[in-house]
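Below you'll find the structure, written out as structure tokens, and then a few comments.
The values are calculated or read from the model by the stated rules, or taken from the named source; none is laboratory data. Everything numeric in this text was worked out from a predicted model, so none of it was measured. Don't worry about glycine lacking a Cβ; one is built from the backbone with ideal geometry, like all the others, and counts go over all protein chains shown. Remember, those area values only see protein heavy atoms, side chains included, never the ligands or the DNA or RNA. Shrake-Rupley method; radii C 1.70, N 1.55, O 1.52, S 1.80 Å.
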Amino acid sequence: MKTPSSDPLNPDLSAFIESAVPSVWALETLLLLRSDRERRWPVDRLVAELRANTTLVNDCLGGLERAGLVLGEEDSFRYAPASPTLGALCDGLEAAYRERPVAVVNTIARRRPDPLKGFADSFRFGGWKS
């Protein structure tokens, strides 16, 4: 029996998560920036607030910026969805993560490649040939 927190998400929200939010770290970064929409966050403050390392935070910010969710200005970043549709999807993402975190995390995890499958496929496709 499925619990409400693990039920599948709305297909549009799932597609958005799969295309724009590559990791739980990226999700946490997005939600932190979104929590104070006008604030410009220097990377070092994000690193401290998220208790992460600079490389990880920069990777998250780069992906979120490419997805049109945040904007880099000088040495800082802020939440800035490129369209009202992206803003609405972020609203839905925040609500879903608050109400059904397992479903959101499962959606993020589903997009990650299976390392064993990748290893096995490398033999099948000749990736390990000398």
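Need pairs with beta-carbon distance below 7 Å; first residue within 15 Å of Val24 (Cβ to Cβ) and open to solvent by 20 Å² or more (accessible area, probe 1.4 Å) and within segment 50-69, second assigned to a helix (DSSP H, G or I) and aromatic (Phe, Trp, Tyr); sequence gap 6+ or separate chains.
Qualifying pairs under 7 Å: Ala52/Trp25; Leu56/Trp25.
Looking at (1) in contact with a strand residue (DSSP E or B) (Cβ under 9 Å, 6 or more places away or on another chain); (2) within 18 Å of Arg111 (Cα to Cα), which is the only condition Arg40 fails?
(2)
From Ser19, Ser23, which residue is open to solvent by less than 50 Å² (accessible area, probe 1.4 Å), within 17 Å of Asn106 (Cα to Cα), out of contact with any Gly (no Cβ under 8 Å at 6 or more places or on another chain) and touching a residue at least 12 places away in the same chain (Cβ under 8 Å)?
Ser23
Every residue, every condition in (1) modelled with pLDDT of 95 or more; (2) within 16 Å of Gly72 (Cβ to Cβ), yes or no:
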site	(1), (2)
Ile17	yes, no
Ser35	yes, no
Glu38	no, yes
Leu46	yes, yes
Glu49	yes, no
